[in-house]
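Right, I'll just put the structure down here and ask away after.
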């Protein structure tokens with residue numbers, strides 16, 4: 001799985017450089033986010049700009065990351081969801097759980113508040 | 001929607017690396033439906049998702065008897081009736097015993113069948129003597 005990490009203003013941005021986030025690759029994202037929190041990162045932003053398709057496993061990996069954030073007194077937010085991907089969050093009510101921002105820049109700004 | 005008759009019968013190894021291939025076939029079929037009056041891109045996503053979730057389900061329930069098992073997927077469209085059948089030879093499970101997700105509790109798992117049920121009109125899981133069949137139907141209107 002192609003993940004690119006970038007640290008900006010004490011936020012680790014994880015860019016998911018995949019067209020699909022599904023049962024084939026979501027375990028890798030789950031592990032990568034888990035490792036960030038275990039290594040002491042407090043603020044993680046997962047940017048889904050390139051993700052055109054997400055399934056229940058992909059959603060599950062993000063839920064796992066969100067729970068990891070809570071257990072490590074950290075934060076996990078999301079940015080740049082394509083409209084079809086966003087509709088899956090709405091269908092599963094997960095849009096009420098995650099803080100979702102239109103762009104990585106807006107999310108990073110929100111972490112500073 | 002007369003003239004929209006399509007039947008696709010596919011077998012792939014029961015590996016998650018083939019999810020993308022199966023999903024894309026669903027998307028392409030949706031885009032080929034000349035007389036479908038709804039949003040084809042939304043339907044394409046939904047077919048991709050339903051096929052992905054159903055195939056993951058089949059992989060999970062496939063039997064351990066042979067290391068190289070296959071999943072069979074049949075997609076048929078007759079007039080405005082879409083039927084997707086996914087065959088696995090595992091232990092099977094009673095689909096009616098699976099509760100909808102508890103939206104108040106954050107579980108990592110348990111949204112796949114809910115998504116299929118949300119996007120299709122009817123969902124049945126039945127067994128015959130040699131395999132289990134997940135059958136999903138939708139009116140394409």
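Looking at the range A:5-14, which of the residues that are in a strand (DSSP E or B) and touching a residue at least 40 places away in the same chain (Cβ under 8 Å) is nearest to residue A:40 (Cα to Cα)? Spell out how you get there, then give the answer.
Looking only at the range A:5-14, we keep the residues that are in a strand (DSSP E or B), and these are A:5-8, A:11-14.
Among the residues that remain, those that are also touching a residue at least 40 places away in the same chain (Cβ under 8 Å) are: A:8, A:11, A:13.
Details: A:8: 16, A:11: 12, A:13: 15 Å.
Applying the filter and picking the extreme gives A:11.
Specify the residue that is nearest to residue B:53 (Cα to Cα); the eligible residues are those in the range A:23-52 that are out of contact with any strand residue (DSSP E or B) (no Cβ under 8 Å at 6 or more places or on another chain) and crowded, with 21+ Cβ neighbours inside 10 Å. Steps first, answer last, please.
Within the range A:23-52, the subset out of contact with any strand residue (DSSP E or B) (no Cβ under 8 Å at 6 or more places or on another chain) is A:23-27, A:30-31, A:34-35, A:38-40.
From what is left, the residues that are crowded, with 21+ Cβ neighbours inside 10 Å are A:23-26.
Values: A:23: 9, A:24: 11, A:25: 14, A:26: 14 Å.
Top of the filtered list is A:23.
Still on this structure, I have one more. State whether the residues of the range A:1-22 include one that is modelled with pLDDT under 95 and closer than 20 Å to residue B:53 by Cα.
Yes; the residues of the range A:1-22 include at least one that is modelled with pLDDT under 95 and closer than 20 Å to residue B:53 by Cα.
Need the failing condition index for residue A:49 against (1) part of a strand (DSSP E or B); (2) away from chain B (no Cβ under 14 Å); (3) under 28 Å from residue B:115 (Cα atoms), just the number.
All conditions are met except number (1).
Within 14 Å of the chain's Cα centre (by Cα), at pLDDT below 95 and not in a loop (DSSP other than H, G, I, E, B): is that true of residue B:59 in this structure?
Values: within 14 Å of the chain's Cα centre (by Cα): yes; at pLDDT below 95: yes; not in a loop (DSSP other than H, G, I, E, B): yes.
When the stated conditions are applied, residue B:59 passes them.
Considering each of A:64, A:87, A:79, A:57 in turn, give the residue that is within 12 Å of the chain's Cα centre (by Cα) and within 9 Å of chain B (Cβ to nearest Cβ). Outline the logic, then answer.
Working: A:87 fails: within 12 Å of the chain's Cα centre (by Cα); A:79 fails: within 9 Å of chain B (Cβ to nearest Cβ); A:57 fails: within 12 Å of the chain's Cα centre (by Cα).
Just a single option satisfies the conditions, and that option is A:64.
Name every residue in the range A:98-113 that is assigned to a loop (DSSP other than H, G, I, E, B) and within 12 Å of the chain's Cα centre (by Cα), in order of residue number. Explain how you work it out, then say what you get.
In the first step, residues of the range A:98-113 are kept if they are assigned to a loop (DSSP other than H, G, I, E, B); the result is A:98-99, A:102-103, A:113.
If the condition is that a residue be assigned to a loop (DSSP other than H, G, I, E, B) and within 12 Å of the chain's Cα centre (by Cα), then A:98, A:99 are the ones that fit.
Does any residue of the range B:57-67 turn out to be on the phi > 0 side of the Ramachandran plot and in contact (Cβ under 8 Å) with a residue 40 or more places away in the chain?
Residues of the range B:57-67 on the phi > 0 side of the Ramachandran plot: none.
Within the range B:57-67 (the criterion being on the phi > 0 side of the Ramachandran plot and in contact (Cβ under 8 Å) with a residue 40 or more places away in the chain), the answer is no, since none of the residues qualifies.
Answer with yes or no whether residue A:65 is closer than 20 Å to residue B:105 by Cβ, touching a strand residue (DSSP E or B) at 6+ places or on another chain (Cβ under 8 Å) and touching a residue at least 24 places away in the same chain (Cβ under 8 Å). Break it down stepwise before answering.
Numbers: closer than 20 Å to residue B:105 by Cβ: yes; touching a strand residue (DSSP E or B) at 6+ places or on another chain (Cβ under 8 Å): yes; touching a residue at least 24 places away in the same chain (Cβ under 8 Å): yes.
So residue A:65 fits the description; yes.
I'd like to know if the range A:96-112 contains one or more residues that are within 14 Å of chain B (Cβ to nearest Cβ), closer than 22 Å to residue B:41 by Cβ and without any contact (Cβ under 8 Å) to a residue 40 or more places away in the chain.
no
Within the range B:80-94, can you find the residues that are more than 24 Å from residue B:21 (Cβ to Cβ) and either within 17 Å of the chain's Cα centre (by Cα) or assigned to a helix (DSSP H, G or I) (or both)?
Residues satisfying the conditions are B:81, B:92, B:93, B:94.
Which residue is surrounded by the fewest Cβ atoms within 10 Å (Cβ to Cβ), if the candidates are limited to the range B:95-134 and must be more than 14 Å from chain A (Cβ to nearest Cβ), touching a strand residue (DSSP E or B) at 6+ places or on another chain (Cβ under 7 Å) and not in a strand (DSSP E or B)? Steps first, please.
To start, the set of residues in the range B:95-134 that are more than 14 Å from chain A (Cβ to nearest Cβ) comprises B:95-97, B:99, B:121-134.
The next check asks that each one be touching a strand residue (DSSP E or B) at 6+ places or on another chain (Cβ under 7 Å); those that pass are B:95, B:121-126, B:131-134.
Remaining after also requiring not in a strand (DSSP E or B): B:95, B:121, B:131.
Numbers: B:95: 16, B:121: 11, B:131: 16.
That would be B:121.
Additional query: Being loosely packed, with under 14 Cβ neighbours inside 10 Å and touching a strand residue (DSSP E or B) at 6+ places or on another chain (Cβ under 9 Å) is the filter here; which residues of the range B:1-53 pass it?
Within the range B:1-53, B:5, B:6, B:7, B:9, B:11, B:13, B:21, B:32 qualify.
Separate question: Consider residue B:77 carefully, then state whether it is surrounded by 19 or more Cβ atoms within 10 Å (Cβ to Cβ), away from chain A (no Cβ under 11 Å) and either in contact with a helix residue (DSSP H, G or I) (Cβ under 9 Å, 6 or more places away or on another chain) or not in a helix (DSSP H, G or I) (or both).
Values: surrounded by 19 or more Cβ atoms within 10 Å (Cβ to Cβ): yes; away from chain A (no Cβ under 11 Å): yes; either in contact with a helix residue (DSSP H, G or I) (Cβ under 9 Å, 6 or more places away or on another chain) or not in a helix (DSSP H, G or I) (or both): yes.
Yes; evaluated as a whole, the condition is true for this residue.
The values are calculated or read from the model by the stated rules, or taken from the named source; none is laboratory data. Predicted, not measured: the structure shown is a model, and the values here were computed from it. So basically every Cβ, Gly included, is an ideal-geometry build from the backbone, and we count neighbours across all protein chains shown.
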